[in-house]
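Novice: One structure, pasted below without further comment.
The values are calculated or read from the model by the stated rules, or taken from the named source; none is laboratory data. All values reported here derive from a predicted model rather than from experimental measurement. Every residue, glycine among them, receives a Cβ derived from its backbone with ideal geometry; neighbour counts consider all protein chains shown. Areas reflect the complete protein model, heavy atoms only, side chains present, ligands, DNA and RNA absent. Shrake-Rupley method; radii C 1.70, N 1.55, O 1.52, S 1.80 Å.
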Amino acid sequence: MKDRHVVLGTAGHIDHGKTRLTQALTGVNTDRLKEEQKRQISIEPGYAPLVLPSGMKVSIVDVPGHERLIRQMVSGVSGIDFVFLIVAADDGVMPQTKEHLAILDLLGIQDGLIILSKMDRADPDLLPIIEEDLRETTKGTFLQDAPILKASAVTGEGIDSIRRTLDQQLPLIKKRKSDAPFRLPIDRSFTIKGAGTVVTGTVQSGSAAPGDELQIVPGEHRVKVRQAQNHGKGVPTVYAGQRAALNVTGVEAHRLHRGQTVIRPGAWNTTERIDIRVRSISELTFSIRQRSALKLLIGTAEVFADLILYDRKEWKPGEEIYATLALHQPVVAARGDRLILRRPTPAATVGGGEVVEPRAPKRKIHPSVTEAIRQSYTSTPAERMLRILRDHLLLDGEQLAQHLNISTEKVAEELKDLQTKEKVFPIGSAFASAESLDALAQKTLRWLTDVHQRYPMRDGAPKAEWISRFLPSVGAKESNALLTFFEERRQIRVSGETIALFHFAPAIPDRWQKPVAQIVDRIQEEGFTPTEWNRLLQEAHIPPDPGEEIKGFLTRQGILVPLTQKLLIHRDAFDKAVAEVKSAIDQKGALSMPEAKKLFALSRKYLVPLLERMDQEGITRRQGNQRVRA
């Protein structure tokens, strides 16, 4: 357990002894600001290290208790694993005791202790009443069965008991998941003379070390870690669950602020729209209407957000709902991140919950959306992966990890299982779901069927047209991999730059077969001096448009050889001419134009294009005024 990192937070009403108790446990006064020390109240969260008798290291976050400092309080407790709910023995349960408890419950904190502080000032006759009130206050919350410990920062009473209890309970709490890439919500940024910019926060996931190149968002600042510290001591690496200070280069401190996030570049995206599961506080005396502007507190960020409801017109006290928040400013959010919602004015905590989908799409208002968000909330990583691949045809492992906010190793495990079940298939270096591939295949087959019906004499459709129509944002490599995938399943056939249905064969429509056969026979009879194509069409009563299609079909099939746009000769005649030219060249070493004219007895109208066609097909080549074998 010595290597485990736990963050412990304090909570409770103002002046109930949170800071004094923290100092008694750690020896650190977390009121670092002059104003805090002068007024003897906490304004910003303070931080202190605690080493338990077992050697386990704990970071304590001491949060402000004043009702006007709820934002700072939420910022402080957003990354904690364990909590002290501190109540002064001479004061009892107070308004911020209840509000802090409600916020902790909404944030999903599951483990903690109740501490009756200031026992040196307690009235023994009132203690049973205060304890009974505490039990009633915590009833139905995560602290309803928590031990109540008594302590005094003045006399030292109970301090060792708290340490021993922590040693017993902290090993039992759920371990923080850290397989996602590095993420640290910033709670402070400042400059140290001689060192430069420093940012601090609680590492939410992953790890970082000196030399790492990181990114700070929103703002897109690229930085490099110069030093990493944990509670003032240099460390080779900071891990999930640790308090961390990073000395970074590449940005000035005044450009940074609480609410930004330090991330592994490319591993996380900012978002301005999130799906949520939230519960409102049952003691509220008001409801929240559709499109109400609320304050969203998530991580260390605070932004305005519009609440979008799909199955109701208002959110009533005590209700759990699935909804969407349209943020006024971008934040970094991941599935499962806890959040608090507050009414701006008059200020009040409304409710809280967690992120279901950090990059929610825009949708029409309909009750079915609520059910879709609910299903997303209960879905497994594999189900989420399939849903993402439905929305994005092709994604590689790193992109999937970014969408799912999990490690690439975890993505690889899920993909392996899904491939075994044939629910996902590799396409080049990316992956696609069977559902998306089937949908694309059906669209492609319908489109090709239509193309074949409209152009039955063509070999198929241009590959480039298929890509621009169905895959405008997909690269050539992945597009070709998709075509190979469909061809291997005998759905399509690829021939060069043309695609067709797998079993399709071009053919002349029945209505034109007889006149076309007559045209082909005539061209064959005419040998090296065929009638011009347009005249043949006119005599056969074939319109120009189908006439062009017929010409293309006959040339692609190798029945006719085009000499010019107007002149086509039969393949037999062309092959005969080729044989005669080759023979003449073999005998004389070359063939001049006068010799060719004598050989074929043709006018330049036919002779020149005939010889040029042989050049084009790589049979001969010009050498001065003669032709030789290519």
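Novice: For the stretch 459-489, give me the residue count where each residue is β-branched (Val, Ile, Thr) and either in a helix (DSSP H, G or I) or more than 35 Å from the chain's Cα centre (by Cα) (or both).
Specialist: Counting residues in the stretch 459-489 that are β-branched (Val, Ile, Thr) and either in a helix (DSSP H, G or I) or more than 35 Å from the chain's Cα centre (by Cα) (or both) gives 2.
Novice: Which condition from (1) outside the structural domain of Val199 (by the TED database); (2) touching a Ser or Thr at 6+ places or on another chain (Cβ under 9 Å); (3) modelled with pLDDT of 95 or more is the one that Ala305 breaks?
Specialist: (2)
Novice: Sticking with this one: State yes or no: is Pro530 under 29 Å from Ala461 (Cβ atoms) and in contact with a helix residue (DSSP H, G or I) (Cβ under 7 Å, 6 or more places away or on another chain)?
Specialist: no
Novice: For Asp306, are the conditions met, namely being under 23 Å from the mean Cα position of the chain (by Cα) and open to solvent by 20 Å² or more (accessible area, probe 1.4 Å)?
Specialist: yes
Novice: Then there's this: If Ala360 satisfies all but one of (1) open to solvent by less than 40 Å² (accessible area, probe 1.4 Å); (2) within 30 Å of Val262 (Cα to Cα); (3) modelled with pLDDT of 95 or more, what's the number of the condition it fails?
Specialist: For Ala360, the exception is condition (3).
Novice: Please verify whether Arg535 is modelled with pLDDT of 95 or more, open to solvent by 40 Å² or more (accessible area, probe 1.4 Å), assigned to a helix (DSSP H, G or I) and under 26 Å from Asp459 (Cβ atoms), treating the condition exactly as stated.
Specialist: no
Novice: Can I ask one more? Out of all the residues in the stretch 552-581, which are surrounded by fewer than 21 Cβ atoms within 10 Å (Cβ to Cβ), under 51 Å from the mean Cα position of the chain (by Cα) and outside any loop (DSSP other than H, G, I, E, B)?
Specialist: Those that are surrounded by fewer than 21 Cβ atoms within 10 Å (Cβ to Cβ), under 51 Å from the mean Cα position of the chain (by Cα) and outside any loop (DSSP other than H, G, I, E, B): Gly552, Thr555, Arg556.
Novice: Quick one: would you say Asp179 is open to solvent by 20 Å² or more (accessible area, probe 1.4 Å), modelled with pLDDT under 95 and among the acidic types (Asp, Glu)?
Specialist: Yes; evaluated as a whole, the condition is true for this residue.
Novice: Residues of the stretch 490-523 being assigned to a loop (DSSP other than H, G, I, E, B), surrounded by fewer than 16 Cβ atoms within 10 Å (Cβ to Cβ) and not charged (D, E, K, R), which ones?
Specialist: Of everything in the stretch 490-523, those that are assigned to a loop (DSSP other than H, G, I, E, B), surrounded by fewer than 16 Cβ atoms within 10 Å (Cβ to Cβ) and not charged (D, E, K, R) turn out to be Gly496, Phe502, His503, Ala505, Ala507, Pro509.
Novice: Under 8 Å between Cβ atoms, at least 6 apart or on separate chains: pull out the pairs that start in the stretch 353-378 with a residue that is without any contact (Cβ under 8 Å) to a residue 60 or more places away in the chain and end on any residue that is assigned to a helix (DSSP H, G or I) and open to solvent by 10 Å² or more (accessible area, probe 1.4 Å).
Specialist: Arg363/Val369
Okay, residues lined up against (1) farther than 30 Å from Val411 by Cβ; (2) hydrophobic (A, V, I, L, M, F, W, C); (3) surrounded by fewer than 19 Cβ atoms within 10 Å (Cβ to Cβ):
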| residue | (1), (2), (3) |
| --- | --- |
| Leu104 | yes, yes, no |
| Ile130 | yes, yes, no |
| Asp133 | yes, no, yes |
| Thr137 | yes, no, no |
| Ser152 | yes, no, no |
| Arg183 | no, no, no |
| Ser189 | yes, no, no |
| Lys193 | yes, no, yes |
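Novice: Scan the stretch 448-481 residue by residue and report those that are free of Cβ contacts under 8 Å to residues at least 60 places away in the same chain and crowded, with 18+ Cβ neighbours inside 10 Å.
Specialist: Hits for the stretch 448-481 are Leu448, Val451, His452, Gly460, Ala461, Lys463, Trp466, Ile467, Ser479, Ala481.
Novice: Name the one entry in Leu568, Leu591 that is in the same structural domain as Arg535 (by the TED database) and under 20 Å from Leu537 (Cβ atoms).
Specialist: The unique qualifying residue is Leu568.
Novice: Going through the stretch 275-303 one residue at a time, which ones are of a type in the set (Asp, Glu), open to solvent by 30 Å² or more (accessible area, probe 1.4 Å) and within 29 Å of the chain's Cα centre (by Cα)?
Specialist: Selection gives Glu302 alone.
Novice: Take the conditions in contact with a Lys or Arg (Cβ under 8 Å, 6 or more places away or on another chain), open to solvent by less than 60 Å² (accessible area, probe 1.4 Å), touching a residue at least 12 places away in the same chain (Cβ under 8 Å) and not assigned by the TED database to the domain that holds Leu297 and apply them to Gly112. Does it pass?
Specialist: no
Novice: Here's something else I'd like to know. Among the residues of the stretch 309-341 satisfying the criterion of being within 23 Å of the chain's Cα centre (by Cα) and assigned to a loop (DSSP other than H, G, I, E, B), which is surrounded by the fewest Cβ atoms within 10 Å (Cβ to Cβ)?
Specialist: Step by step, filter the stretch 309-341, then rank; the result is Gly336.
Novice: I need the full set of residues from the stretch 233-262 which are part of a loop (DSSP other than H, G, I, E, B) and either open to solvent by less than 20 Å² (accessible area, probe 1.4 Å) or in contact (Cβ under 8 Å) with a residue 24 or more places away in the chain (or both), in order please.
Specialist: Residues satisfying the conditions are Pro236, Thr237, Ala240, Gly241, Gln242, Gly250, Val251, Glu252, Leu256, His257, Gly259.
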